[in-house]
Structures are given as C-alpha cells and as structure tokens.
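S.K.: Dropping the structure in here first, questions after.
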Amino acid sequence: MMLAPGSTIGIVGGGQLGRMLAMAAARLGYRIAVLEPQAGCPAAQVANRQIVAAYDDPAGLAELAAISDVITYEFENVPVEAAETLAGRVPVLPPPRALEVSQDRLSEKQFLNGIGIDTAPFLAVDSDADLASALHSFGGNGVLKTRRMGYDGKGQRVFRHMESGNYSGVFEAMGSVPLILEGLISFECEISVIGARGADGRVATYAPARNVHRDGILHTSTVPAAVPDITADVARAAAASILEALGYVGVIGVEFFVLDDGSVLVNEIAPRVHNSGHWTEAACVISQFEQHVRAIAGLPLGDTRHHSACVMENLIGDDVARVPELVAEPDVLVHLYGKAEARPGRKMGHFTRLTGRN
C-alpha cells in the first residue's frame, strides 16, 4: 500500500541517519515522529514530533505506534523485542528479522554462508580456551570481536602470529560476553554496496564505493570504486541476494573485502541507510535516504545511477572547523548533523566533493 502525503513515518533512533531520513521524507510530503531518549537530538531538529523515551519503553513504543502509519529505524541495535512489539501494531520496515540477523556477528555470518555468500572464516569464542583453539585453527591470526554491539572499530582486538601463548584474562578483558574470532584477511581494498528492495519486491543497487577507514571509523568513500566490473557485479548481486533472503523492504548497506584476485567476501551488513552511502546525496538524483523512504512508503524505487564521480569524507571531531573553507569550494556539498559538541571520534557531518561528470 502506498502512503499518502501527510502520513506519518515513525523513526526509532534520533541520530544523523534519522535526521537525513526525516529531511528526505519531508520532501515527499510525509510527517516524521522520532523515538529517542535524548531530547533535541539531530533528527528531532527536523522532525514534526519527538517522543523522549528509551527504545524499549512500553509507553513510548505505544505512542509511536499510535501516531505512525509505518515505522523504520536508523540504527541496527534497536531491541528486537521492541521492533516486534511495534510490528504487532503497525508495519515495521525493514522487518525485525533483519535486526535479529545483523545484531549478532555469529548469526550474521551463519546467515550469509547459508545463502551461499562467502565471508572470512569464523569461530565462536566463549572463553580463553576457545580463543586459544580458534587462533590455532587460523594460524595465529584473527580479529576478536564482541558478537553484539560495537561499531566504528569498538569492541575489537587484533591478533597476529599468535599460534600459541597465554590468553588468560582476554575473555574477561573483552567484557566476558559472547565473542567471535574472524580469520585475518589479506585484501586489496574495502568496498560497500547500498541496495534497496521495494514493497513490490523490486531490487535496486547503487554503484560500489571504495572505503578507507582511519582508527576504525570511515574516512572516505570514493565512487567509482576502481574495481573490475565483474567484482562490482558480484558485490551488487550479493547485496540483492541478501535483500531477497530477508524479505527486506528498505535500504541496506553491505560491506565487502575485495581480495587480490577480484573476488569478494562480505564483512558485515547494516539494515539501514549507511555512512558509505552518503555520497548518493550529492552524486545521484535519488539519494539513499529518499530511496529508503520510497521503499517503506510503497512508492516506486528511484534511479540509482550517479551523474558524477565523487569522494565523500566524514568530518570527525574538530574536522568541523574546516566547514568555512569547504563551503567556499565549488562542487562541494556540506552536511552538518546539528550536534552541539565536537568530540574526538564523533561524526559531526560530512561533505561530498564532485570530481567529474559522467
């Protein structure tokens, strides 16, 4: 069913992704209600209404469901139980199943392998003894991660050339929570694909972006990604397979490692609009944010072609001081997130520089 203009889209989460979704929805005539415990959050600054409540607060969830025609979310750590509660009252898109799969790195990789998509090798780690065994299996090299939560490089520890050793205390130091050890992959570059699936089942994918990270945080996304056409095609096809397997409606971000032979491994999936897709705001007629709104509102998906090559760069912490010089440049789109305080590692905004027309 297609949402009529004037309908209300509920968003769980009030960060910058919710802010950009709200702005795209407003352009299409929709109203926005945000559920977020932080008053005056970035999304609330451009929304029609904010419900100040925890993501699992029963009264807040009931209020959001009562005023919304469809509900979405802007981050993947929304409690699955909360999403399912909402889904019992109003459509929730993407479906809660996508949250369930993506919130646990072990279940995520098992899901991906189960639909024929390759990942780095992995083993569950629930003790120091498990870690010793897993590292031995992977030749002493691996990335130990918390299975749940963690983002921008948080909750991770890298091991190299550790075929044997004393691992006493590592599990406790990681929080005594379920962990996963992923084999350390030698790769040529990292890319990501932003894909969308509409309510009618149609799938559309954007061109891959080449991503560079600093200190575990995305620094730049460049389009074109400068990978072989076959690599780009395989990555886009993998994103489409994930969307189909989840019965997904909305936008998803899929991150890949590109190996030396041009093949790809999926690193992780994000059931939401994605930082590495911010370039679409400047280089495409239909951004990832409008694409997501179109999908959950039952509108036709838009064209994913890009009219320009570009580089998107995050403004982290004090990088926001560069804004005066950036807005003076031609072919640069600057987007700030309305955050009052610049802190180290905090995403304050981004800019996209167009580098050539197609």
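The values are calculated or read from the model by the stated rules, or taken from the named source; none is laboratory data. In this text, all values refer to a predicted model and were calculated from it rather than measured experimentally. Reconstructed Cβ throughout: ideal geometry from the backbone, glycine too, with neighbour counts over all protein chains shown. With ligands, DNA and RNA removed, areas are computed over all heavy atoms of the protein, side chains included. Shrake-Rupley method; radii C 1.70, N 1.55, O 1.52, S 1.80 Å.
S.K.: Filtering segment 60-73 down to residues that are in contact with a strand residue (DSSP E or B) (Cβ under 6 Å, 6 or more places away or on another chain) and open to solvent by 20 Å² or more (accessible area, probe 1.4 Å), which residue is nearest to P37 (Cα to Cα)?
M.R.: For segment 60-73, the residue satisfying everything is E63.
S.K.: If you don't mind, there's one more thing I want to ask. Would you confirm whether or not segment 186-207 contains a residue that is modelled with pLDDT under 95 and open to solvent by less than 40 Å² (accessible area, probe 1.4 Å)?
M.R.: Checking segment 186-207: not a single residue is modelled with pLDDT under 95 and open to solvent by less than 40 Å² (accessible area, probe 1.4 Å).
S.K.: Okay, next question. Of all residues being part of a loop (DSSP other than H, G, I, E, B) and touching a residue at least 60 places away in the same chain (Cβ under 8 Å) in segment 265-292, which is nearest to I180 (Cα to Cα)? Just the residue, please.
M.R.: Only one residue tops the list, namely P271.
S.K.: Looking at (1) closer than 23 Å to L28 by Cβ; (2) open to solvent by 40 Å² or more (accessible area, probe 1.4 Å), which is the only condition V273 fails?
M.R.: Among (1) closer than 23 Å to L28 by Cβ; (2) open to solvent by 40 Å² or more (accessible area, probe 1.4 Å), V273 violates only (2).
S.K.: Does G262 satisfy being over 21 Å from I217 (Cβ atoms) and either in contact (Cβ under 8 Å) with a residue 24 or more places away in the chain or surrounded by 22 or more Cβ atoms within 10 Å (Cβ to Cβ) (or both)?
M.R.: In short, yes.
S.K.: Can I ask one more? Going by the conditions given, is T352 touching a strand residue (DSSP E or B) at 6+ places or on another chain (Cβ under 7 Å), over 30 Å from F122 (Cα atoms) and assigned to a strand (DSSP E or B)?
M.R.: yes
For every residue, the table says whether it meets (1) assigned to a helix (DSSP H, G or I); (2) touching a Cys at 6+ places or on another chain (Cβ under 7 Å); (3) touching a residue at least 24 places away in the same chain (Cβ under 8 Å).
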{"position": "I32", "(1), (2), (3)": "no, no, yes"}
{"position": "A39", "(1), (2), (3)": "no, no, no"}
{"position": "P42", "(1), (2), (3)": "no, no, yes"}
{"position": "Y55", "(1), (2), (3)": "no, no, yes"}
{"position": "V78", "(1), (2), (3)": "no, no, yes"}
{"position": "E81", "(1), (2), (3)": "yes, no, yes"}
{"position": "L86", "(1), (2), (3)": "yes, no, yes"}
{"position": "R89", "(1), (2), (3)": "no, no, yes"}
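S.K.: Please work out which one of (1) touching a Leu at 6+ places or on another chain (Cβ under 8 Å); (2) of a type in the set (S, T, N, Q); (3) part of a strand (DSSP E or B); (4) open to solvent by 20 Å² or more (accessible area, probe 1.4 Å) is the condition N211 fails and give its number.
M.R.: (4)
S.K.: Looking at segment 218-249 only, could you name the residues that are free of Cβ contacts under 8 Å to residues at least 40 places away in the same chain and open to solvent by 40 Å² or more (accessible area, probe 1.4 Å)?
M.R.: Hits for segment 218-249 are A226, P228, D229, I230, D233, V234, A237.
S.K.: Answer with yes or no whether R27 is in contact with an Asp or Glu (Cβ under 9 Å, 6 or more places away or on another chain), basic (K, R) and surrounded by fewer than 16 Cβ atoms within 10 Å (Cβ to Cβ).
M.R.: Yes; evaluated as a whole, the condition is true for this residue.
S.K.: From the list G6, G88, which residue is among the small types (G, A, S), surrounded by fewer than 18 Cβ atoms within 10 Å (Cβ to Cβ) and on the phi > 0 side of the Ramachandran plot?
M.R.: Criteria check complete, one pass: G6.
S.K.: Output the residues belonging to segment 299-324 that are outside any strand (DSSP E or B), within 20 Å of S192 (Cα to Cα) and not hydroxyl-bearing (S, T, Y).
M.R.: Correct list: L301, G302, D303, R305, H307.
S.K.: Could you tell me which of the residues P42, P96 is under 18 Å from I252 (Cβ atoms) and either hydrophobic (A, V, I, L, M, F, W, C) or in contact with a helix residue (DSSP H, G or I) (Cβ under 8 Å, 6 or more places away or on another chain) (or both)?
M.R.: P96
S.K.: Hey, can you tell me all the residues within segment 141-165 that are under 25 Å from F75 (Cβ atoms), part of a loop (DSSP other than H, G, I, E, B) and either out of contact with any strand residue (DSSP E or B) (no Cβ under 6 Å at 6 or more places or on another chain) or modelled with pLDDT under 90 (or both)?
M.R.: Correct list: R148, M149, G150, Y151, D152, G153, K154, G155.
S.K.: Could you grab me the full set of residues in segment 91-140 that are in a helix (DSSP H, G or I) and touching a residue at least 60 places away in the same chain (Cβ under 8 Å)?
M.R.: R97, A98, L99, V101, S102, R105, L106, E108, K109, F111, L112
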